[in-house]
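Written out below as structure tokens is the structure these notes cover.
No lab work stands behind these numbers, since they all come straight from the coordinates. Computed from a predicted structure; not experimentally measured. We place every Cβ from the backbone using ideal geometry, glycine too, and count neighbours over all the protein chains shown.
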Amino acid sequence: MASTFHGLELGKRGLAVAQTSISTTGHNIANANTKGYSRQQVNQTASPALDVWANGSVNPSQLGQGALVESITRVRDRFLDAQYRDQSAAAGEWSVRQETLGRIEVAINEPSETGLRASMDQLSSAWQDVANDPMSGSAQVVLKERAEAFVQVAQSMDTSLGNITADLQLQQGAAVDEANGYLKQIAELNQSILQNGKNSNDLLDQRDVLVEQLSSLIPVKVTENKNGIYDISSADGKALVTGTDQVGTVVAADGKKGGKIAGINESLKAVEAYQTDLTAVVEKFATANGMGKADGLFASGTPFTIQNLKVNETATYKAPADLEANAKAAQSDFRTLVSKLGAQSQGSINAVANSEAALMATDNRRQSVTGISIDEEMANLIKYQHSYSAAARFVSTTDQMLDTIINRMAR
């Protein structure tokens with residue numbers, strides 16, 4: 001037989017469930033604009049029933065005892081989370097590569113009326129004036145000035161490319177340090193989650209934000225254990241976080257494919273390649289202009305570098321017999337370099353647009369699952385408010401019944 005106070009206990013449970021639902025809804029509303037926050041929901045279940053004897057053929061029957069809060073969990077889609085991390089790595093890589101190629105384009109500065117192509121054309125024109133009047137002092141002076149301008153432009157471009165390399169190396173070190181900082185924080189959060197339980201929702205959100213930031217630097221594989229702990233490894237299987245310990249560190253060499261670190265590594269290779277191609281063009285053009293000869297226009301140390309290139313101070317310059325053909329070959333090589341740079345830059349712009357579009361589409365899908373809708377939460381708030389009011393009314397009604405039994409029937 002049910003207790004006389006069964007109704008009060010049942011109502012009390014209803015109040016508790018409704019109050020928990022209202023509080024959780026309020027928590028969702030308060031964190032609608034919190035980065036990385038996942039919508040939380042109250043999972044309620046029926047309270048274990050009470051066995052009672054009835055007049056029917058099936059005994060004992062069961063009398064319900066209301067509802068209980070089973071858990072408060074985050075609403076997440078692990079598949080979308082993994083997809084987001086993969087696409088974040090791709091977007092992180094291509095954004096760096098596109099930015100670097102853009103900086104290389106600024107350094108190369110073509111097409112331009114003041115770039116290397118223009119200075120080569122002007123130098124060729126000055127040679128024509130010297131050929132028309134070999135003994136003209138003014139033509140020799142103009143030729144020397146054009147040669148000085150060519151050297152200055154070439155050295156400025158080479159310096160700019162060197163500055164890009166130095167900046168990328170600084171970014172590389174900072175990105176590696178940032179990644180290892182995230183690993184340390186993830187291990188610490190694993191420890192906190194282990195102590196507080198795998199339904200420590202706010203801690204889980206903080207950890208997921210760190211994992212996503214890490215994935216923009218280097219592709220990672222995330223394995224969730226039964227106790228809610230994340231094990232983190234790199235894309236090639238290198239263990240980074242196991243349980244509550246950071247067991248590995250990220251180094252620059254880990255950036256092989258995907259992520260900002262990989263983008264920096266590829267960018268360093270690209271700058272080196274263009275700097276090498278530029279050096280070859282300048283050396284070829286300087287050689288065509290008689291570099292190293294007594295009456296040649298240019299001089300340089302050995303091995304050749306753009307920074308060592310200088311104008312020969314010989315008073316009278318004489319054009320090499322094959323100057324025009326060799327100079328045109330160098331100019332053709334430079335046009336090929338510029339065309340290649342333009343094609344790669346456009347390709348990187350397209351890759352960035354595609355990767356960011358895919359990332360945004362995945363994030364929109366994910367937000368539709370885990371994000372906060374104020375309208376939906378307000379509707380839930382009204383629903384739970386009615387549930388609370390109904391449970392309170394049930395308690396009040398039960399109290400009146402008990403008052404009748406205890407106080408009035410005793411008279």
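Observations
- Alpha-carbon centroid distance for the pair segment 97-175 / segment 369-408, whole angstrom: 79 Å
- Within the shell of other residues whose beta carbon sits under 14 angstrom from the beta carbon of VAL271, the net charge comes to -3, with Lys and Arg scored +1 and Asp and Glu -1.
- Nearby lysines by direct alpha-carbon distance to LYS257 (threshold 26 angstrom, same-chain neighbours under 8 apart not counted): LYS184, LYS221, LYS238, LYS269, LYS340
- Partner lysines for LYS310 [C-alpha distance under 19 Å; skip if fewer than 8 residues away on the same chain]: LYS144, LYS284, LYS293, LYS318
- Surrounding net charge for VAL96, when Lys and Arg each add one and Asp and Glu each subtract one, Cβ distance under 11 Å: 0
- Measuring between their Cα centroids, segment 306-347 and segment 197-216 lie 55 Å from each other.
- Relative contact order for the chain, counting Cα pairs under 8 Å that sit 6 or more residues apart, in percent: 24 percent
- Relative pair counts by distance (%), Cα atoms of segment 141-240, 10 Å bins: 14, 31, 18, 11, 10, 8, 5, 2, 0
- The C-alpha radius of gyration of the chain, expressed as a fraction of 2.2 N^0.38 Å, stands at 1.71.
- Cα point-scatterer Debye curve for segment 112-160, base-10 log of I(q)/I(0) at q = 0.17, 0.24, 0.26, 0.31 Å⁻¹: -0.49, -0.79, -0.88, -1.07
- Intensity falloff of segment 303-382 expressed as log10 I(q)/I(0), Debye formula with alpha-carbon point scatterers, at q = 0.26 Å⁻¹: -1.18
- Within the chain, longest stretch free of exposed GluC sites (Glu not before Pro) [DSSP loop, at most 13 other beta carbons within 10 Å]: 114-312
- Against the empirical 2.2 N^0.38 Å (N residues), segment 174-288 has a Cα radius of gyration ratio of 1.48.
- Summed side-chain charge close to ASP333 - residues other than ASP333 whose Cβ falls under 12 Å, Lys, Arg +1, Asp, Glu -1: +3
- Axis angle, to the nearest 10 degrees, between helix 6-30 and the longest C-alpha principal axis of the chain: 20 degrees.
- Under Karplus coefficients 6.51, -1.76 and 1.60, residue-wise ³J(HN,Hα) of segment 133-146 in Hz, glycine/proline x: 8, x, 8, 6, x, 5, 5, 5, 5, 4, 4, 5, 5, 5
- For a straight C-alpha distance cut-off of 18 angstrom, the lysines reachable from LYS198 (same-chain residues fewer than eight places away being disregarded) are LYS226.
- Counting all C-alpha pairs of segment 217-340, share separated by more than 16 Å (%): 72 percent
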